[in-house]
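The values are calculated or read from the model by the stated rules, or taken from the named source; none is laboratory data. Just so it is clear, the structure is predicted and the values come from calculations on it, not from any experiment. Here Cβ is always computed from backbone atoms with ideal geometry, including for glycine, and neighbour counts include all displayed protein chains. Only protein heavy atoms, including side chains, enter the accessible area calculation; ligands, DNA and RNA are left aside. Shrake-Rupley method; radii C 1.70, N 1.55, O 1.52, S 1.80 Å.
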Amino acid sequence: MMISLAPMEGITTYIYRNAINKYFGGIDKFYTPFLTASHLKGRELRDVNPDNNDPENLIPQLLVNDSDLFITITKQLQNLGYDEVNLNLGCPSGTVTSKGRGSGFLDKTNELKKFLDDIFDRTPISISIKTRIGFEFINEWEDIAEIYKNYPIKELIIHPRVGKELYKGTAHRDIYEQMISYLKGYMPDTLFTYNGDITTIDDPYYKKDSIMIGRGLINDPSLAYKIKTGNDSFPDFKKSFILFHDELLNNYVTEMNYEDQVVKKMKELWVYFSKGLNIDKKLTKEILKSNSLVSYKNTFNIVKQYI
Ligand SMILES: Cc1cc2nc3c(=O)[nH]c(=O)nc-3n(C[C@H](O)[C@H](O)[C@H](O)COP(=O)(O)O)c2cc1C
């Protein structure tokens with residue numbers, strides 16, 4: 001069974017990926033949140049820099065709709081030691097889709113075909129795709145499948161919602177099944193990966209050969225371990241969680257220029273941790289109210305006793 005951590009912009013930074021891997025494990029593959037700039041520098045470069053990552057189990061993701069730009073960035077990634085790049089055809093954010101990128105590329109089938117023809121022709125490394133099943137309507141999956149079946153896609157990760165649904169409702173798993181049973185006949189060498197709404201080991205979809213998990217793993221960083229071992233608890237979870245937390249905090253303090261940025265980053269994580277940790281929600285709300293690094297640390301020192 002293959003488990004990958006879904007890319008989540010602002011959350012699954014190299015600091016986060018390294019910490020979850022070190023303290024909880026169980027994850028086979030990691031993806032960077034989307035990269036967009038033509039020249040890798042600053043935060044984007046740090047996130048793919050081999051000094052901070054193991055290129056063997058990290059796949060950088062690009063969110064672009066211009067084939068020259070795709071190839072320009074891919075060549076820089078190849079020089080850093082990467083042999084695979086992932087194309088984001090799923091992002092539902094209005095600012096992205098209005099520019100015809102992410103899931104906003106899925107209903108522009110002629111442009112999409114031209115783009116895929118070009119990148120599969122000219123990209124020097126393997127290409128995988130992370131996709132939704134459409135932009136506006138569920139039945140768009142049929143047109144999209146007609147396109148994908150023509151390309152040597154290394155891995156096709158399908159999140160079965162349409163872009164317009166954002167993260168609402170539940171994933172259309174019936175459509176996922178229809179889509180892969182159709183595509184498997186045409187794409188025998190492609191790995192098909194399911195992504196969407198897996199948050200516990202009670203979900204039968206965790207038994208798929210290849211799954212990608214996002215929010216479920218941020219809520220509970222031990223979820224991949226639980227899935228892999230079949231145990232419903234992680235040994236000495238409290239100790240590992242505190243070490244994991246402290247490493248995240250210390251590394252963000254080192255990386256960021258301002259304490260406010262660190263507090264904001266940690267609070268973003270607590271939106272998820274508060275769902276996964278079995279502690280009083282009033283306590284986790286206190287963390288979300290912290291307005292300085294000192295108050296954040298003081299509150300965490302109280303909260304951690306209850307983990
Ligand atoms: C805050 C946030 C940021 C995300 N950033 C990305 C991203 O950079 N690239 C991407 O392909 N998907 C991104 N996603 C989508 C996730 O990778 C994943 O497809 C989605 O959360 C569904 O999986 P889940 O139900 O396991 O969370 C993001 C989702 C969230 C909630």
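Could you check how many residues of region 264-307 are open to solvent by less than 60 Å² (accessible area, probe 1.4 Å) and acidic (D, E)?
Here the count works out to 0.
Scan region 71-109 for residues that are of a type in the set (A, V, I, L, M) and within 17 Å of D54 (Cα to Cα) and jot them down.
At the first step, the residues of region 71-109 found to be of a type in the set (A, V, I, L, M) are 71, 73, 77, 80, 85, 87, 89, 96, 106.
Hits for region 71-109 are L77, L80, V85.
Does T123 satisfy the criteria of being hydroxyl-bearing (S, T, Y) and either in contact (Cβ under 8 Å) with a residue 60 or more places away in the chain or loosely packed, with under 14 Cβ neighbours inside 10 Å (or both)?
Details: hydroxyl-bearing (S, T, Y): yes; either in contact (Cβ under 8 Å) with a residue 60 or more places away in the chain or loosely packed, with under 14 Cβ neighbours inside 10 Å (or both): no.
Spelling it out, it is not the case that T123 is hydroxyl-bearing (S, T, Y) and either in contact (Cβ under 8 Å) with a residue 60 or more places away in the chain or loosely packed, with under 14 Cβ neighbours inside 10 Å (or both).
With respect to Y252, is the statement that it is out of contact with any Asp or Glu (no Cβ under 9 Å at 6 or more places or on another chain) and modelled with pLDDT under 95 true? It would help to see each step written out before you state the result.
Values: out of contact with any Asp or Glu (no Cβ under 9 Å at 6 or more places or on another chain): yes; modelled with pLDDT under 95: no.
Against the criterion (out of contact with any Asp or Glu (no Cβ under 9 Å at 6 or more places or on another chain) and modelled with pLDDT under 95), Y252 does not qualify.
How many residues, within region 199-243, are of a type outside the set (D, E) and within 12 Å of the ligand (Cβ to nearest atom)? Walk me through it before giving the result.
The first filter runs over region 199-243 and keeps only residues of a type outside the set (D, E), leaving 199-201, 204-208, 210-219, 221-231, 233-235, 237-243.
From what's left, within 12 Å of the ligand (Cβ to nearest atom): 199-200, 205-206, 211-219, 223-224.
Result for region 199-243: 15.
I'd like to verify a number: residues in region 108-138 that are within 24 Å of L166 (Cα to Cα) and not in a helix (DSSP H, G or I), how many?
Residues meeting the conditions: 11.
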